[in-house]
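The values are calculated or read from the model by the stated rules, or taken from the named source; none is laboratory data. Keep in mind that what you see is a predicted model, and the values were worked out from it rather than measured. Cβ placement follows ideal geometry from the backbone for every residue including glycine, while neighbour counts extend to all protein chains displayed.
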Amino acid sequence: MELWLVRHGTTRANLQGRLQGKLDFPLGDEGKKEAFLLAQRLREQRFSFLFSSTLQRARETSSIIADHGMAPKPIFTTLLEEYGWGVIQGMTKKEIGKRFPEILQQLQQDFHHTEIPEAEGMQKLFQRVELFYMLLSRITGSFSSKEVKNPVLIVSHGRFLQAFIIYFLKYNYREFWPFSLAPTSLTILQGDFQKIRRLKLFNDTCHLSWMRGKI
């Protein structure tokens, strides 16, 4: 079984450096182009399932992929939504520094483990990750091997996908997270939901360069 993970395309909030979290920003013009380029890359790839976050930037990305290729109709789930940032949600670094200078200082020292008022928190984030992982296991297990012989495509958000990769590879989320994911990047995980778990491709964005000349 292969899980193909895609982060949504760029939004205006991304360009402004805002922590979007659960706020529902749409794709910007650049993000729509990125999603189309990724769709062209995947246009001949068959998928058994396409799961997507319900937030608009992910919905648009997954819909563009489905409309321009062989991916099935997206299955939308709130389990794939982005991390909730609490009181700093929607803010830029500069805005956080003005209103919550202590939080900004902590974020600069440890971006992934700082405790933020009203934020979702690591425990709840990984509970969602585990629930989605269990959902995948049940759904794929209920079909024959022939019906799920193709990869499962998952369109979500940067922090959620980081957490999913950490969970899948059985890393300790309490340690430093040494990676991030670019907009419309493709990461491929390979395994059997039991013992075999491998990272086959990571944060690949070649479609944003070698496909541009074909538009």
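For the reader, a short list of remarks on this structure follows.
- Selection status of L37, within 16 Å of L186 (Cβ to Cβ) and more than 14 Å from the chain's Cα centre (by Cα): yes
- Helices (runs of 4 or more DSSP H) wholly inside region 23-135 containing at least 3 residues that are in the same structural domain as S156 (by TED's automatic domain parsing): 29-42, 56-67
- Filtering region 147-193 to residues that are in contact with a Leu (Cβ under 8 Å, 6 or more places away or on another chain), crowded, with 16+ Cβ neighbours inside 10 Å and assigned to a loop (DSSP other than H, G, I, E, B) leaves P151, H157, L181, T184, F193.
- First in region 155-174 and on the phi > 0 side of the Ramachandran plot, second anywhere and surrounded by fewer than 19 Cβ atoms within 10 Å (Cβ to Cβ) and not in a helix (DSSP H, G or I), Cβ under 8 Å, 6 or more apart: K170/R197
- Checklist (1) within 19 Å of the chain's Cα centre (by Cα); (2) surrounded by 16 or more Cβ atoms within 10 Å (Cβ to Cβ) applied to G69, failing item: (1)
- Subset of region 7-38 [acidic (D, E) and in contact with a Leu (Cβ under 7 Å, 6 or more places away or on another chain)]: D24, E34
- Flag for F160 being under 18 Å from the mean Cα position of the chain (by Cα), closer than 12 Å to V6 by Cα and not β-branched (V, I, T): yes
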